[in-house]
Amino acid sequence: MNSNGTLAHGQKNQYTPEFKQQAVKLALSGEHTQAKTAERLGVKLQTLQAWIKQHRQQARQRQAGIEPLTPEEKEELKRLRREVRQLQLECEILKKAALILGRPPQ
């Protein structure tokens, strides 16, 4: 990992939470425009804006007394949602098969 919080050249840019936090703090300081801040940090403007949006959303959640999900919790939530979709699809297939075979679905 480089000193600016990124991975080595040629790898997908992944930034440390600390780098993102500092980037958001700098962008919201008003010292420079978001575009200039993104340019100075070597990140895309859209990336910086996404970090700012996430920061603001988390701040609103904390104000409402809701703790933001950890990355592990987010990953588990995505996995569980995929699993629910798969189970719903399987259930629909079984209902259709039961109708074809002349058995009423339960």
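The values are calculated or read from the model by the stated rules, or taken from the named source; none is laboratory data. What you are looking at is a predicted structure, and each value in this text was computed from that prediction instead of being measured. Neighbour counts are summed over all protein chains in view; Cβ atoms, including those assigned to glycine, are modelled from backbone coordinates with ideal geometry.
Can you find, within region 41-53, the residue that is nearest to Q14 (Cα to Cα) among those that are part of a helix (DSSP H, G or I) and in contact with a helix residue (DSSP H, G or I) (Cβ under 8 Å, 6 or more places away or on another chain)? Checked region 41-53; the qualifying residue nearest to Q14 (Cα to Cα) is T47. Do you know which residues across region 54-91 are assigned to a helix (DSSP H, G or I), modelled with pLDDT under 95 and among the charged types (D, E, K, R)? Hits for region 54-91 are R56, R60, R62, E72, E73, K74, E75.
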